[in-house]
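Just below is one structure, and these are the notes that go with it.
Values quoted throughout were computed directly from the atomic coordinates according to the rules given, and no laboratory measurement underlies them. What you see is a predicted model, and the numbers here were worked out from it, not measured in a lab. Cβ placement follows ideal geometry from the backbone for every residue including glycine, while neighbour counts extend to all protein chains displayed.
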Amino acid sequence: MNRLRQFVNKAGWPRVIIGFFLLSLFVAAPFAEVSLAASIKDTLVRFGMNGVLVLSMVPMVQSGCGLNFGLPLGVIAGLLGAVTTMEMGITGIMGFITAVILSCAIAAVLGWGYGKMLNRVKGEEMVISTYVGLSSVMFMCMMWLVLPFKSPAMVWGYGGSGLRTTITLEGYWFNIIDNFLAIKIGDFTFPTGLFIFFAVMAFLVWAFFHTKTGTAMTAVGSNPDFARASGIDVNKMRTISVIISTVFGAVGILVYQQSYGFIQLYTSPLFMAFPAVAAILLGGASVHKATITNVIVGTILFQGILTMTPSVINSFLKTDLSEVIRIIVSNGMIVYALTRKTTKVKS
Amino acid sequence: MSQNLTFTEKLKNFFISNAVPILFVVITLLAVPVSGFSANYLIQEMITRIGRNSFLVLSLLLPIIAGMGLNFGMVLGAMAGQIGLIFITDWSIVGIPGLVLAMLISTPISILLGILCGSVLNRAKGREMATSYILGFFINGVYQLVVLYFMGGIIPVKSPSLVLSRGYGIRNTVALDGVRQVFDNMIPLKIGEISIPLGTFFIIALLCLFILWFRKTKLGQDMRAIAQDMKVAQSAGIPVDRTRIISIVISTVLAGYGQIIFLQNMGTLSTYNSHDQTGVFSIAAILIGGATVSRATIPNVFIGVILFHMMFVVSPMAGKNLIGQAMLGEYFRQFISYGIIAIALVLHAWRRQKDKEMERRSLRGVKAEKQPQAEK
Amino acid sequence: MVSEQVVLKMENITKDYYGNRVLENVSFELKKGEILGLIGENGAGKSTLMNILFGMSVISETGGYQGKVIIDGKEVNFKNAFDALDAGIGMVHQEFSLIPGFTTIENIMLNRESLKYNFLVEVFGSRLKTLDRTDMKDRAEKAISALGVKIDPNMLIAEMPVGHKQFTEIARELDRKNMKILVLDEPTAVLTESEADILIQSLKRLSDLGIAIIFISHRLKEIIDVCDKILVLRDGKTVRESPAKETSIRQIAQWMVGRNIEEKKDEVKNEKKLGDTVLKVENLWVDMPGETVRDVSFEVREGEIFGIGGLAGQGKLGIPNGIMGLYEAGGRIEVFGKSLEMNVPVKALKAGMAFVAEDRRGVGLLLEEPIDWNISFTVMQAQNKYLKSFIGGLVKWRDDKKISELAKEYIKILDIKCVDEKQPVQELSGGNQQKICLAKAFAVNPKILFVSEPTRGIDIGAKKLVLDTLKQYNQKYGTTIIMTSSELEELRSICDNIAIVDEGKVAGILPATAATEDFGLLMAGKVDESKEKVSAQ
């Protein structure tokens, strides 16, 4: 009993409840005539697709910039990198690598400016980053229409100008990471490459937080006054964290796309931030503390529920509740995190 | 102090403090000719839109007075208003009684949601805006659950024109034929070819009077005090948390009425989307009208509604005539809505940081003011 | 004038905080129209006494008090400050409690506005009554005129000079009905000399109106000028209650600081030899809220333990914070003969200085992080120690093993009570947290160590250990230590010289062996008199 209580305390109630909920969905799956193997595979693939995006939350949370609702900025960098590479006609693994390099460069520049701005609005980062994200997506919507891209694979068939809303990656780098070292077990394909990639990215974040700079960044998030008294340039650390988060956001969307098979332009980046934020919170992160474990646990739980509710719940209730559940769980999680009493009030 | 300023200084101050509205006047003046719309058309559009939107935008005033910033949670009220409209449509109560009943139904729901929102915001002091924004999404999920699954099932809604063919859940669009524009046409008035929704204007005027009067009440005074310094207000015995909740409750209830007025003009309710942009557009409008996160007046509301909607109407056509893409204007107006909110928030946060520094400097006292020069 | 009618009587008040006795058998009475000067060092029990009078929640939350509070002959027991206000007690706090964007009238009337009825009140309650601005103006003007001063009733507080703000605060209390007792906590601290004089006149007027006043001030001259009688507290006990006419500033100062521990001092001090000047501070000003430093100059020699004392809020804490670059500061600082770039914390650290901050939880510690992080962080970041370099120094990897060892070492040396070095510091007691702050500073091997309020909020055993550690560290490594403390005795027990800071300036520097009353006088702003006249011109 005691041990159970300890476990619950350590994991936190929301995780335990959602965890049990997910577990019961898996248990119920066979009764709902939903294939367990397919469900698990879906969950795993979705985890791989979204993992890096969720990971991109970590640096900013750790440096005290809060949850990165401005993730669309990183996504935009990723999209720009991808379409530019396609315009250049580079395909296959080289294409993907070029896209990553281009995206990272763009993301670094955007992140730098974004970080400078967030330093001027300390304490209001979250609501401001939301609207910066929204308005930059809208700005890019205009840009997708007017930027002089020419490749027929991307431009609207009629008129000959303006990019399409969805661009297929078939023939470019569709599933290039998923299929790397993929293992086939019956119908079940395990996307080894996707997991290796996530592991490498997670390792990079882990390693970064073991360096001098990473340590300083954690201290800035934990107590900026302490860090300053130890001679740390707080604003510089915050800017670095924003740059890293934005770069990871850009890489994250590239991984997502290569798995999904399409580049989605226009308003689609709007829908990337909330699931990622909800996932990391679900994993046990708070507004100013996040670990890689939070990322992994949260992404599995969140994506698990997204995969399982449509199939299991819907077949029981004979109705599609999944969208509503997604909205309630993800936003409820964020509201819960925002109203949680933090141990220290920051100015 | 002000009489010491020269005319140029006054002019400069006027431009600085009204930079946003002036900028939009300029944009509009440039875009109107490009769009090619006739003056009559634009005037009619503006009059219609003032009637349609002002009440919603006015509902934002109280939380700003109480120092809680822009109430992104106003969509909660909008949802309550829509629930009221769904019921009266089901019961086929038409005309003014229908709308009044819809308002009556929305009121208790708004009050409950307002209390919820206010209490949540009291737990998230200092990040009210982010929290109310997300809370809007959360309640939207609950709203969908109720309207899409409970209505027609657990909650009795009978009319086959409302309920989805599967037997429960409300259809995507609800035609509000019975109450379409009944407020607008309550007192018919037409000047030349332009019809004026005098009835709605009358209601809006009443609300303005209410707000003006409210600022003179004890409650209004308490809200002003809390906005400036919660601690001092608390120590003077003003019930801070309660007052903050009241301001959100009133705002939510008004937003509910506002949404009903908005929809009676539109004539159709898009069940799952109508409230989506209510918050963003209303907030963008009040900011374009020159309001800030901490200061807003009734003129801000009307100037904002006119400028925002002028841009809204002309930008797609202007975009089409300029580049041949109507979508460009569509995106442009969304970009402006979000962008103006982002800029207003940045300026507010930045100014607050600057104020804090100034305050610290002022503590230095008279004697030390000379020191900085001595250091060189 | 003073009548014979007693309005307030506090009898045998005793109060413990967690077994720590802060007030013992304090009694006094206050007659109608009488002005009582309440005097004592920080921690003498003044604020606790006032908190009891006001029924503040800290008192009941920590187990209440013993003794009786009698107002107009009836014993009272206030549940909260509002009860006290209703009973006719008003208080003007040291910090202004005003709404900056409100006018004088609105502030005086805050939450007591004159109201007019309208029918909506029946539905929505009395808060929908409208304000009666004309009546509010009348009442405000009446309160202001009772003070005998001229303030524009329609001026915004934000645009007002400090003195007017103070009068507005007092006027607010005067507007209360049945206002009998007014408590003023350091009301003159923020005022210029002439403003203070006007305030003193106003207080006398109020006393003529029959209002009893408790006047708390460290400016003893004012106390003598205005008070009918004085009550001196020290260590929670009444040292003296006497008519003001029968005392002198010097005498009060002596009562206030008291205690004679001169004897045990001499043996230690004589053998110490100080080196050259290592720190030279000239015309320092610091923008630290609540501890503003205006113009401070002093020198510290190698191996010295230099004390900075003074009452709370006078600016002593601002000095180390300003030197270390934590708050905006100006002036000139020389460390080992080299000029120090100000407002850049890392420069101060690199110059060989370290700082144990007074605000342990706010600045001193990473509460959520483990002990070893806290101890090693500063030395790691400022001196690149406890790091492993890879790829030619491009990657600087944290050496967790060495960090652990470092922490373990200090846990042993300083006897820090904890589970292990991985325990988050927020789980430790105040004393142990303080030791971690010391360890953090020791770890950088400072040549000059600043220690602020090292014993604040920790128990007696830990106090002694902390002080002994500092002393030993000084002896063993010859480290220069600059210690800031509100407790004069603590400073005198380990320091060589002590500067007393008053109103943002050094009131004087004395050897620790100087007579107690001399320190008391410096704190009381006595020595400043001559200087103030100069600056006033």
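Side notes on the structure shown:
- Taking chain A as a Gaussian network of alpha-carbon nodes connected by springs under 10 Å, the highest mean-square fluctuation of the residues A:290, A:29, A:107 belongs to A:29.
- Debye equation applied to the C-alpha atoms of segment C:1-142, log10 I(q)/I(0) at 0.21 Å⁻¹: -1.27
- Charge dipole of the protein assembly as shown about the Cα centre (unit charges at C-beta), most positive-ward option of B:60, A:88, C:326: A:88
- Loop-located trypsin sites (Lys or Arg not before Pro) in segment C:142-224, at most 13 other Cβ atoms within 10 Å (DSSP): C:150, C:177
- Translational diffusion coefficient (Stokes-Einstein; Kirkwood radius from C-alpha pairs) of chain B at 20 °C, 1.002 mPa s, in µm²/s: 95 µm²/s
- Remark: spin-label model distance residue C:66-residue A:24 equals 5.8 nm, labels positioned 7 Å along the Cα→Cβ axis.
- Value of Rg to Rh for segment C:60-204 (Rh from inverse mean 1/r over Cα pairs, i.e. Kirkwood): 1.02
- Relative contact order of segment C:99-177, defined on C-alpha pairs under 8 angstrom at six or more residues apart (%): 42 percent
- Phi-based couplings in Hz for segment C:274-282 (Karplus 6.51, -1.76, 1.60; Gly and Pro marked x): 9, x, 6, 5, 10, 9, 10, 10, 10
- Selected from B:92, B:132, B:59 as most flexible by GNM, with chain B as the system and alpha-carbon contacts under 10 Å: B:92
- Ranked packing of C:482-490, B:81-89, most packed first, by mean Cβ within 10 Å: B:81-89, C:482-490
- Positive dipole terminus of the protein assembly as shown, leading residue within B:87, C:25, B:175 (C-beta point charges): B:175
- Average Cα contact separation per residue, chain B, under 8 Å, 6 or more apart, as relative contact order %: 29 percent
- Cα extents for segment B:147-275 along the principal axes, largest to smallest and rounded to whole angstrom: 58, 49, 20.
- Protection-proxy order for peptides A:47-54, A:226-233, C:326-333, each taking the mean of Cβ atoms within 10 Å per residue, highest first: A:47-54, A:226-233, C:326-333
- Residues whose amide H comes within less than 5 Å of that of residue C:258, counting only those at least five positions distant or on another chain, are absent (H built at 1.01 Å from N in the peptide plane).
- Comparing B:154, B:288, B:191 in a Gaussian network model of chain B (Cα springs below 10 Å), the most mobile by mean-square fluctuation is B:191.
- Descending semi-axes in Å of segment C:467-523, equivalent ellipsoid built from Cα gyration tensor: 22, 12, 9
- In this structure, the amide hydrogen of residue C:279, modeled 1.01 Å from its nitrogen in the peptide plane, lies closer than 5 angstrom to those of C:300, C:336, counting only residues at least 5 positions away or on a different chain.
- Among C:123, C:134, C:100 the positive-end extreme of the charge dipole of segment C:99-177 (Cβ point charges): C:123
- Label-reachable residues, segment A:16-41, where backbone N falls under 17 Å from a point 7 Å from residue A:7's Cα toward its Cβ: A:16-25, A:27
- Per-residue Cβ neighbour counts within 10 Å put A:57, B:68 in the sequence B:68, A:57, beginning with the fewest.
- Per-residue mean of foreign Cβ neighbours for B:333-344 is 6 (Cβ atoms of other chains, 10 Å radius).
- Calculated P(r) of segment A:36-266 - Cα pairs past 33 Å, %: 23 percent
- The protein assembly as shown gives an Rg/Rh value of 1.00, both radii derived from C-alpha positions and Rh following Kirkwood.
- Value in Å of the Kirkwood radius, where chain C supplies the Cα pairs that are averaged: 25.7 Å
- Peptide A:132-145 has a mean shielding of 6, counted as Cβ atoms of other protein chains within 10 Å of each residue's Cβ.
- The phi torsions of segment B:180-193, fed into the Karplus equation with coefficients 6.51, -1.76 and 1.60 and a -60° offset, translate into couplings of 4, 6, 6, 5, 4, 9, 4, 10, x, 8, 9, 10, x, 9 Hz, rounded to whole numbers, with Gly and Pro shown as x.
- Computed from the C-beta positions of residue B:355 and residue B:242, the FRET efficiency with R₀ = 35 Å rounds to 0.80.
- Relative to the longest principal axis of the Cα atoms of chain C, the long axis of helix C:460-477 makes an angle of roughly 40 degrees.
- Taken residue by residue and averaged, Cβ atoms of other chains lying within 10 Å of the Cβ of C:154-164 number 1.
- Residues C:152, C:276, A:178 arranged by fewest to most Cβ contacts within 10 Å: C:276, C:152, A:178
- Dipole magnitude of segment C:99-177, debye to nearest 20 (Cβ charges: Lys/Arg +1, Asp/Glu -1, about Cα centre): 160 debye
- In degrees, nearest ten, helix C:193-208 long axis to first principal axis of chain C (Cα): 40 degrees
- Ranked A:87, A:33, C:169, C:95, criterion: other C-beta atoms within 10 Å, fewest first: A:33, C:95, A:87, C:169
- Compactness ratio for segment C:99-177: Cα radius of gyration over 2.2 N^0.38 Å (N = residue count) comes to 1.17.
- Evaluated at q = 0.15, 0.19 Å⁻¹, the base-10 log of the normalised Debye intensity for segment A:234-347, with identical point scatterers placed on the Cα atoms, takes the values -0.83, -1.22.
- Contact order normalised by residue count of chain C, Cα under 8 Å, 6+ apart, percent: 14 percent
- Summing Cβ point charges (Lys, Arg +1; Asp, Glu -1) relative to the Cα centre of chain B gives a dipole of roughly 1160 debye.
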